[in-house]
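Read the structure below first, then the notes.
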Amino acid sequence: MRHAYKKKILYCGLVIVGVIIFLHPNMNARRTYDFIEKRNILEHLYDQTAQNFTSPAILDCDYHDILFDDTTMSINLMDGDLIEGHRIKDGGEFHPSDCKPKFSTAIIVPYRDRAETLRGFLVYMHMFLRRQNIHYRIYVIEQVDMRPFNRAKLLNIGAAAAFKAGYPCLVLHDVDLLPLKPANLYACTKCPRHMSSSINKFRFVLPYLSLFGGAIAITSSQFKLINGMSNEYYGWGGEDDDLYARLEVGELKLCRFAPDTSRYHMVTHQTQQKGEKRHKLLNYAKNRINNDGLNTLRYTEVATVLHPLFTHIMVDL
């Protein structure tokens, strides 16, 4: 009788383990996918700088050595401070002084109530980006009201600010993601690029091929073409898949760099409240592209402050 009881427990245990393995998000993940080979990246880059940007340098920056840099950045950098003489302008803007950059990028970060994560992110990102010989500016868009967090709408607001400043390339970036490879150039390609396809949380594999979130690069003209992102996703989840649906409507095919180049570390954080309407919104994502996005963006700007490391835009949605 006892033997049969132990056998039953063992059987139930095996079933539970099997279910967990089957339902694990990495079960159908891909360790490889189609990507732009390193030797071909330069010809796929979108070479354009901001409208009002001029560099005093004579020689153009070279990007070959950066793209073939195999080093890995240490996440411990986020616990330190920036080096002296970093030459970052108020508002979080930087450009190399010894060469003329070919790319201008606005890095847009949606944010609320994660001060320590933001501090570490800013230090790390400036240390990372200064190595890439690009012109960039970091925008932090903070939601100050008490409504559920609306990541996509904050990204639309940041994009609108970047348009006004004449940035041709947008990087839409979560505050808890840190790029590990300097070869992961923060510049736009001619196709919208999913930058964070290999995250430690997912064991550095891509959960599914249509994933288009975390950190992405898209030209300003492409973002305008698809009317930005939906403004309706309050709470966690859904807005990334909605964005991918917009790419399909706009006949824009996403691209990626190699998995070993696209590695990110995700900083531990609390899970956010899930959006109650996300499934219903996703069912009609393609139908809403013309009447939900940049052209219907409404918000109250509370303040804009040029901090030493970032442009801080506080908004009430």
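Rule-based calculations on the coordinates, nothing more; no lab input. Everything numeric here is computed off the predicted structure, so don't read it as measured data. Glycine gets a Cβ as well: all are built from the backbone with ideal geometry, and neighbour counts include every protein chain shown.
Computed values, structure above
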read-out	value
Inter-site label distance for residue 201 and residue 75 at 7 Å from Cα along Cβ, in nm	1.1 nm
Pairwise FRET efficiency - residue 146 versus residue 43, Cβ, R0 = 51 Å, nearest 0.05	0.60
Model label zone, residue 54; criterion: amide N under 20 Å from point 7 Å along Cα-to-beta-carbon; scope the range 164-206	165-168
Proxy reagent accessibility, fewest Cβ within 10 Å first, across 46, 136	46, 136
Label-to-label distance, nm, for residues given as residue 209 and residue 248 (7 Å Cα→Cβ offset)	1.2 nm
Anisotropy class of the chain from Cα gyration tensor, a/c 1.5 cut	prolate
Furthest towards positive pole of dipole, 91, 161, 179, structure part the range 33-316, Cβ charges	161
Shape category assigned to the range 38-94 from the gyration tensor of Cα positions, a/c cut at 1.5	oblate
Share, in percent, of DSSP beta bridges within the range 51-198 that are antiparallel, nearest 5	20 percent
Antiparallel bridge percentage (DSSP; both residues within the chain; nearest 5)	50 percent
Cα shape, the range 218-270, gyration tensor, a/c 1.5 rule	oblate
Out-of-range pairs (alpha-carbon distance over 26 Å; input 181/286; 89/181; 153/277)	181/286
Mean residue ellipticity (222 nm) of the chain, computed from DSSP H runs ≥ 4 via -39,500 (n - 2.57), nearest 500	-7500 deg cm²/dmol
